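Worksheet: one structure, shown below.
Please treat every number below as a calculation from the coordinates, not as lab data. Owing to the predicted nature of the structure, the values given are computational and were not obtained by experimental measurement.
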Amino acid sequence: MFWADLGGLGEVDLAVVAPGFEVWLRSGFALPPDPQPDLPPTADVYVDKLPVDAVQLLARARKLLGVDWRFGDLKGLLAVQPFLAARSARLCALRRDLEHAPELRPYLFYATDHGLEAVWPTDSPESR
């Protein structure tokens with residue numbers, strides 16, 4: 001028995017649920033757990049690498065992050081990247097929100113001991 005997400009039915013999307021229907025029935029139709037992203041629970045979030053004229057994208061990031069930057073300050077923020085956008089943000093919730101905002105994925109990062117890491121890594125299967 002295979003399980004597929006609601007996306008396209010490619011080989012990559014299929015996951016083995018059980019070797020046969022009877023086994024799956026006996027398991028109570030259990031599904032594999034969702035893979036958990038390798039993210040800390042909370043971290044400071046930064047905006048970086050946005051084009052300097054991308055005020056509209058920054059306004060979308062403002063809404064997604066729930067911050068109250070003044071619209072008049074957005075151009076100034078673009079000029080001083082990377083900049084702190086949110087303190088102690090819940091990264092799993094932010095990653096979930098980015099599922100519906102793919103245009104913002106390349107520009108949101110979180111702080112680690114080794115520098116900034118992408119909230120939505122470009123090598124993740126979801127980024128394709």
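As a size descriptor, the averaged projected area of the C-alpha convex hull of the stretch 42-127 was calculated at 5.4 nm². Annotation: amide H of V17 within the under-5 Å range of F2, W3, sequence separation 5 or more or interchain, hydrogens built in the peptide plane. For the stretch 38-77, the Stokes-Einstein estimate of translational diffusion at 4 °C and a viscosity of 1.567 mPa s comes to 114 µm²/s, using the Kirkwood hydrodynamic radius over alpha-carbon pairs.
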